Amino acid sequence: MNELASIIQLGNPILRQKAVFIENVQDEKIQNLIDELITSVAQANGVGIAAPQIAASYRLFIVASHPNKRYPHAPEMPPTAMINPQILAHCSEMVKDWEGCLSVPGIRGLVPRYQTIEIEYTDRNGNLQKQELTDFVARIFQHEYDHLEGLVFLDRVENNQDLISEEEYQKSVMGNG
């Protein structure tokens, strides 16, 4: 099993950089980075992770939706590497929901995101994929995509009243108190 990569925290300048386009998907460095990200997101109980979060400023992230302690109602989806992803289109409807981030521990925020998006990305085998994503998986994609643009979820929160500690979130929102 791969060694867990260190997840960088808010304040590290790499989180604010625009990530670099990946020219060669089959490059061993990129394939190893994909494996490292899949291991890291699983060990951190995340549902997604972007390469910049482990200090690798490439346009690559993993969407790995599954029910866990942080997101007990997440739908099941195998970890999927999305390389040079793009949002091609989106619906007009935006929905606010709670988000957290492995690089911003201890805080959740109510973040408006598009309910449905049409996306395109290159998979780890070099094939172009097009999909429509909705609801929670669309939210994960948009959250991770923001990391490639140098943004974190806090940049999308509309009001400081929409922020809550992870502890209070678990108690009040999740009903674990």
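Just the residues that are in a loop (DSSP other than H, G, I, E, B), small (Gly, Ala, Ser) and over 13 Å from the mean Cα position of the chain (by Cα), please, taken from region 119-177.
Passing the criteria: Gly126, Gly175, Gly177.
Kindly provide the set of residues from region 19-58 that are under 16 Å from Phe141 (Cα atoms) and of a type outside the set (A, V, I, L, M, F, W, C), ordered by number.
Gly46, Gly48, Pro52, Gln53, Tyr58
Filter region 58-84 for residues that are among the hydrophobic types (A, V, I, L, M, F, W, C) and part of a loop (DSSP other than H, G, I, E, B); which is most open to solvent (accessible area, probe 1.4 Å)?
Met77
Does Asp135 meet the test of being on the phi > 0 side of the Ramachandran plot and open to solvent by 60 Å² or more (accessible area, probe 1.4 Å)?
Yes, satisfied.
For region 103-110, state whether one or more residues are open to solvent by 10 Å² or more (accessible area, probe 1.4 Å), part of a loop (DSSP other than H, G, I, E, B) and under 20 Å from Gln17 (Cα atoms).
No, because not a single residue in region 103-110 is open to solvent by 10 Å² or more (accessible area, probe 1.4 Å), part of a loop (DSSP other than H, G, I, E, B) and under 20 Å from Gln17 (Cα atoms).
With the structure loaded, tell me whether Ile34 is touching a residue at least 40 places away in the same chain (Cβ under 8 Å), farther than 24 Å from Thr134 by Cβ, open to solvent by less than 20 Å² (accessible area, probe 1.4 Å) and part of a helix (DSSP H, G or I) or whether it fails that test.
Yes; evaluated as a whole, the condition is true for this residue.
The values are calculated or read from the model by the stated rules, or taken from the named source; none is laboratory data. Since the model is a prediction, treat every value here as computed from it, not as a measurement. In this analysis, Cβ positions are derived from the backbone assuming ideal geometry, glycine residues included, and neighbour counts consider all displayed protein chains. Only protein heavy atoms, including side chains, enter the accessible area calculation; ligands, DNA and RNA are left aside. Shrake-Rupley method; radii C 1.70, N 1.55, O 1.52, S 1.80 Å.
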